[in-house]
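What follows is calculated from the coordinates using simple rules that are stated; it is not laboratory data. Here the structure is a predicted model, which is why all the values come from computation and not from measurement. Virtual Cβ from ideal backbone geometry, glycine too; neighbours counted across all protein chains shown.
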Amino acid sequence: MSMAMTGMIAGMALGFAGYFGGFGAFLLVAALGAVGFVAGRFLDGDLEPGDFFRSRDGRGR
């Protein structure tokens, strides 16, 4: 599935959540979608746990 199609489906899900459940449901769906995205990147091997804890300037190694 292309990234455009995935983005469209995610946008539609957020739209439905916002329309039928209000702003709280919109935030919940968006947060769970972000968690699922990060978990998927971990499972694909694109991210490692250390990527979140390294310093940006490289001095933390």
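Quick notes on this one:
- Residues of the stretch 1-27 that turn out to be touching a residue at least 12 places away in the same chain (Cβ under 8 Å) and over 14 Å from residue 37 (Cβ atoms), as a count: 2
- Annotation note: of 23, 42, the sole residue that is surrounded by 12 or more Cβ atoms within 10 Å (Cβ to Cβ) and part of a helix (DSSP H, G or I) is 42.
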